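The values are calculated or read from the model by the stated rules, or taken from the named source; none is laboratory data. Keep in mind that this is a model prediction, so the values were computed, not measured. Please note: Cβ atoms are built from the backbone with ideal geometry, for glycine as well, and neighbour counts cover all protein chains shown. Heads up: the accessible areas ignore ligands, DNA and RNA and are worked out on the full protein's heavy atoms, side chains in. Shrake-Rupley method; radii C 1.70, N 1.55, O 1.52, S 1.80 Å.
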Amino acid sequence: MPTSTELSSRTIFYRCLFAALGVHLCAAYFSAGFYHWDEQFQILEATHHVLSRSEFRDLPWEFQAELRPWLQPMTLAAFAHALSLFGITDPFTWAFFFRLFSAGLGLASVFGLLLSVQSRLSPSPWRLAAVLSASLWFLPFLHVRVSSESWSGSCFFLAFALLVPRVIRRDFPTKKIGFLVGWLLALAFEFRYQSAILGAGLILWSLYNLGQPSLAQFRQVWIPILTGMILGLGVGVIADDLGYGHWCFPAYRYFVANLLEHRAAQYGTSPWWEYFRLLAFRSSPPLGLLILFSAVLTFWYRPRHPLTWTLLPFFLIHCFIGHKELRFLFPLADTVPLLFCLAGESWEKLGFSSAFQLRLFQVGFGLNLILLLISITTPAWSEIQVLKYLYRHPSEEIAYLGESPYLVAGIPINYYRPPQARFFPLQDDAQLRSFVARQQVPFLISVKGPTLPAHIRTLLPLCRLEFSSLPKWLLRDNWLNRFHLRPWTLWRCPLSSPAQPLSPK
């Protein structure tokens with residue numbers, strides 16, 4: 001018969017899993033767009049190209065230099081093709097299903113990771129880790145991202161969850177489990193090459209803890225893992241061949257370009273301690289400080305823990321790579337609930353009372369819930385709403401002032417572009433009058449800003465605000481100037497109109 005503690009832990013685990021499922025569904029639906037440009041241009045635009053809907057020359061320079069893997073775009077393209085067989089051809093609906101699939105991977109990895117270390121934690125900290133796994137604000141936000149960081153981290157920690165508890169028990173995994181571990185490690189590498197550091201740490205920890213290698217161990221554990229790795233890498237090689245049209249090894253080109261030729265350094269370099277600053281002050285302080293403090297405590301007091309063997313080398317190597325971004329650490333996000341709880345068991349050694357720890361948890365958890373509500377109910381990129389409106393309210397000709405809504409950092413966004421629409425820049429009055437003269441129905445003008453310029457309002461005084469990427473009440477009372485915001489706005493303009501004042505409604 002299971003004990004009351006086991007029943008309590010099991011009940012809390014399933015309740016947390018159910019709550020996390022609801023939170024991730026909300027995030028998958030509302031958190032449209034991208035956190036970083038790479039999510040759009042390295043993944044979705046490459047997927048769009050695989051579906052034969054855009055030219056290879058429109059992809060970022062990394063594809064021209066054959067640095068990027070094709071496995072993730074190929075997987076998404078196959079997914080999109082399957083959806084199209086059911087009549088689902090809207091790219092925004094595709095993106096929702098992509099986020100939903102990514103969320104499923106993230107949920108499996110974070111809760112699998114939780115189960116894998118249950119025997120190494122006492123019941124109370126483990127139950128707390130379950131609650132945090134369901135409620136930390138950045139986990140659903142990152143899990144639904146269709147990014148290399150998200151998919152690579154999920155695959156790695158799924159492999160971690162399958163291998164670690166068996167090594168702890170000194171129980172050889174079955175050949176099927178070993179093969180799956182190797183396959184997942186290979187996929188993690190193919191989605192993001194830097195995860196090789198995580199994989200190496202996990203393999204070394206396993207070798208250290210399994211003891212003296214034997215022929216039986218080699219046959220039962222390492223041959224299946226190596227077989228899974230080789231076949232997983234083989235799938236990646238085939239995907240790269242299909243993407244580039246010839247056999248190549250982008251991982252090697254990536255290493256040469258970014259580490260030997262320092263191409264990544266062109267985007268800026270930082271001192272070795274920059275990640276400490278980013279974690280402390282850029283990742284929702286004071287939560288970021290708690291994450292950093294928890295990681296340091298875990299590494300110091302638990303040097304033989306599998307998380308120390310995997311996370312610490314990954315972090316240190318990234319510290320000594322010149323170009324640094326906080327997102328490079330996102331593959332480690334699933335471990336934060338465990339780091340909090342592992343470190344919590346060490347706080348008393350540092351003299352922190354239980355009352356202080358409780359008060360700190362209450363303040364941090366309250367702030368976390370506010371951030372969670374915001375992150376799962378708002379788009380990751382607010383401009384995505386304008387692109388969705390343009391796609392679902394088709395117009396053959398759309399004019400834009402200054403910036404095109406389908407151009408970001410000089411790179412075209414083709415994935416969300418309406419197939420029949422044509423876009424025209426309006427740089428001066430002559431282009432504006434020429435565009436208006438050939439229109440036969442009311443037309444749209446896209447503007448990066450809250451209002452139309454005076455010369456357009458003079459020529460077309462009856463233009464009315466039809467859509468804004470921000471709530472319309474923010475367009476009044478100088479709110480935008482206070483926060484230095486420039487929303488995308490769409491204006492519906494009739495062909496002819498008597499002169500009268502223009503005011504957004």
Original post:
Can you work out ³J(HN,Hα) from phi for every residue in region 276-284, in order, using Karplus 6.51 cos²θ - 1.76 cosθ + 1.60 and θ = phi - 60°, giving whole Hz and x for Gly and Pro?
Top reply: 5, 5, 4, 5, 6, 10, 10, 10, 6
Original post:
Using a basic spin-label model with each label point 7 Å from the Cα along Cα→Cβ, how many nm lie between residue 357 and residue 61?
Top reply: 5.1 nm
**OP:** Please work out how much length the chain gains when fully extended from residue 396 to residue 88, using 0.36 nm per residue of separation minus the C-alpha to C-alpha distance, in nm with one decimal.
**Re:** 108.7 nm
**OP:** Report, in degrees rounded to the nearest 10, the 0 to 90 angle that the Cα long axis of helix 306-319 makes with the longest principal axis of the chain.
**Re:** 50 degrees
Subject >> Computed [θ] at 222 nm, helices only, for the chain once each DSSP H run of length n ≥ 4 contributes -39500 (n - 2.57) >> reply: -17500 deg cm²/dmol
Original post:
Stretched out fully, how many nm does the piece from residue 281 to residue 53 gain, at 0.36 nm a residue minus the Cα gap?
Top reply: 78.0 nm
Subject >> Two-decimal Rg/Rh across region 1-128, once Rg and the Kirkwood Rh are taken from alpha-carbon atoms >> reply: 1.13
Original post:
So for region 380-461: antiparallel DSSP bridges make up what percent, rounded to the nearest 5?
Top reply: 20 percent
Original post:
Straight-line reach from residue 388: which aspartates and glutamates have a Cα under 13 Å away, not including same-chain ones fewer than 8 places off?
Top reply: 90
Original post:
Kirkwood hydrodynamic radius for region 213-267: how many Å is it when counted over pairs of different Cα atoms?
Top reply: 13.7 Å
**OP:** Kindly point out, ordered by number, any Cys in the chain whose beta-carbon has no other cysteine beta-carbon under 4.7 Å away.
**Re:** 16, 26, 155, 248, 319, 341
Subject >> Cleavage-rule hits, chymotrypsin sites (Phe, Trp or Tyr not before Pro), region 6-103, DSSP coil, Cβ neighbours within 10 Å at most 10 >> reply: 86
**OP:** Enumerate by residue number the trypsin sites (Lys or Arg not before Pro) in region 108-169 meeting two conditions: DSSP loop (anything except H, G, I, E, B), and at most 13 other Cβ atoms within 10 Å of the site's Cβ.
**Re:** 169
Subject >> Cβ charges +1 (Lys, Arg) and -1 (Asp, Glu), total dipole of the chain, debye >> reply: 980 debye
Original post:
If r is the Cβ-Cβ distance from residue 108 to residue 454 and R0 is 51 Å, what FRET efficiency results, to the nearest 0.05?
Top reply: 0.40
**OP:** About the Cα centre of region 362-479, how large is the charge dipole given +1 on each Lys and Arg Cβ and -1 on each Asp and Glu Cβ? Please answer in debye to the nearest 20.
**Re:** 200 debye
Subject >> Once exposed loop GluC sites (Glu not before Pro) are cut out (DSSP; at most 15 other Cβ, 10 Å), longest piece of the chain >> reply: 56-260
Subject >> In Hz, Karplus ³J(HN,Hα) per residue of region 188-198 (6.51, -1.76, 1.60; θ = phi - 60°; x = Gly, Pro) >> reply: 4, 5, 5, 6, 8, 4, 5, 5, 4, 5, 4
Subject >> Residue-span extension gain [residue 19 to residue 100] - 0.36 nm each, minus C-alpha spacing >> reply: 27.6 nm
**OP:** Give the residues of region 83-101 whose amide nitrogen is closer than 15 Å to a point set 7 Å from the Cα of residue 421 in the direction of its Cβ.
**Re:** 90-93
**OP:** Only loop residues by DSSP count here, and only those with at most 11 other Cβ atoms within 10 Å; note down the chymotrypsin sites (Phe, Trp or Tyr not before Pro) in region 230-266 that meet that.
**Re:** 247
Original post:
Averaged per residue, what accessible area in Å² does the chain show with a 1.4 Å probe, protein chains only?
Top reply: 47 Å²
Subject >> DSSP beta bridge pairing in the chain, given as percent antiparallel to the nearest 5 >> reply: 60 percent
Original post:
In terms of the Cα gyration tensor, with a ≥ b ≥ c the square roots of its eigenvalues, is region 95-187 rounded because a/c is under 1.5, prolate because a/b exceeds b/c, or oblate?
Top reply: oblate
**OP:** When you have a sec, figure out the Kirkwood radius of region 288-443 from all distinct Cα pair distances and drop it here in Å to one decimal?
**Re:** 20.8 Å
